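Written out below as structure tokens is the structure these notes cover.
The values are calculated or read from the model by the stated rules, or taken from the named source; none is laboratory data. Worth saying up front: this structure is predicted, and the values here are computed from it rather than measured. Heads up, the Cβs are rebuilt from the backbone with ideal geometry, glycines too, and the neighbour counts pull from every protein chain shown.
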Amino acid sequence: MQHILSRKIKSVLVASVILSGFFLLLERWMFVIVLIYAFIGCAVYGVPVSFLSDVVTKKAGPYRFVLASLIYSVFGFLTFIVLGKFGVLAVVCSLLFFLSEEWQRARGNGRGQKPANKMMFMNGLSTVLFFSLAGFGLVLFPDRMFEEYTNQSYLIPKGYEGEVRVVHNIEDAPPPEKSDGFDVYRFNDKGYTLTPLPVSEGIINDQYYYVDAEGNKEKIDNRCINYGGTEGLGNGEYEYSSSYFFVTQTQCGEAFGEGSYPPDMPRGISVDQIIEEEGLDKLTY
């Protein structure tokens with residue numbers, strides 16, 4: 001057991017140093033950072049995977065190498081769940097770890113004996129194939145798999161035109177309803193609403209609707225929306241945050257979405273006015 005653990009520690013060091021060594025050609029500070037993260041990743045993730053591989057391939061006979069390369073490449077690929085496309089580095093690190101393990105195993109068990117040419121070809125081909133698929137699979141994955149989306153649905157009183165605002169982090173505000181994975185925000189006639197949720201971050205994937213008194217919805221074209229931005233306001237005890245956008249019925253077009261404040265658009269009720277109107281300045285958090 002001590003011999004096996006020693007072999008795996010050597011593999012951790014070999015994989016970490018070789019991977020980080022590539023970055024010496026770019027920037028020295030990157031070498032240090034990659035070395036630290038590679039060492040931690042190999043120790044925390046790579047070593048358990050290597051033990052799993054030892055157990056699974058124990059009775060695989062002549063196909064042990066092929067099966068082991070498959071296991072290492074699959075677990076290298078699975079790092080995309082945490083690392084996204086940076087998982088490509090994890091795949092390279094996994095390959096280095098695997099090759100170090102097999103080289104040490106061959107020296108310890110093979111005593112200089114080489115496998116048959118046919119088996120060497122199969123082992124080499126499987127390694128190239130499995131790790132190439134893992135690496136290229138991560139590169140070719142669409143970016144949106146690793147991005148967060150805002151996913152908000154805004155219901156605006158029919159006929160309203162101008163600035164629309166959401167005041168966030170209000171603990172006593174009712175949470176937005178959920179519909180098909182979207183947070184639904186209903187605005188009053190003054191163009192604002194309150195929510196206990198923080199400002200959403202990510203790629204904008206929002207929906208905008210006009211709603212009449214009977215609750216009938218009419219989808220608003222994105223060319224009629226200016227995405228605005230975010231603002232904050234502090235009262236000495238609490239920091240209020242808000243997000244805003246503009247909606248129009250008369251200026252729809254590509255130019256309307258340019259800039260923070262569309263020309264000739266009326267500004268809505270301000271954050272401090274909302275705080276005063278809702279009595280939020282009297283709350284203690």
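The listed residues are ILE203, ILE220, and the only one of them that is under 30 Å from the mean Cα position of the chain (by Cα), among the β-branched types (Val, Ile, Thr) and farther than 20 Å from HIS168 by Cβ turns out to be ILE220. Of everything in region 218-251 that's out of contact with any Ser or Thr (no Cβ under 9 Å at 6 or more places or on another chain) and of a type in the set (Gly, Ala, Ser), which residue is modelled with the highest pLDDT? The selected residue is GLY234. In this entry, TYR72 passes the filter for residues that are part of a helix (DSSP H, G or I), closer than 24 Å to LEU125 by Cα, in contact with a helix residue (DSSP H, G or I) (Cβ under 9 Å, 6 or more places away or on another chain) and modelled with pLDDT of 85 or more. Among the residues of region 88-100, is there at least one that is at pLDDT below 85 and not aliphatic (A, V, I, L, M)? No, region 88-100 contains no residue that is at pLDDT below 85 and not aliphatic (A, V, I, L, M). When TYR209, TYR238, TYR227 are screened for being in contact with a Leu (Cβ under 6 Å, 6 or more places away or on another chain) and either under 15 Å from LEU155 (Cβ atoms) or surrounded by fewer than 17 Cβ atoms within 10 Å (Cβ to Cβ) (or both), only TYR209 passes. Taking the criterion of being hydroxyl-bearing (Ser, Thr, Tyr), closer than 21 Å to GLU231 by Cα and at pLDDT below 90, the residues of region 136-191 that qualify are TYR149, THR150. List the number of the failed condition for TYR261; all other conditions in (1) at pLDDT below 90; (2) farther than 17 Å from GLU163 by Cα hold. Among (1) at pLDDT below 90; (2) farther than 17 Å from GLU163 by Cα, the lone unmet condition for TYR261 is (2). For GLY215, state whether it is at pLDDT below 85 and either part of a loop (DSSP other than H, G, I, E, B) or under 21 Å from SER270 (Cβ atoms) (or both). It is false that GLY215 is at pLDDT below 85 and either part of a loop (DSSP other than H, G, I, E, B) or under 21 Å from SER270 (Cβ atoms) (or both).
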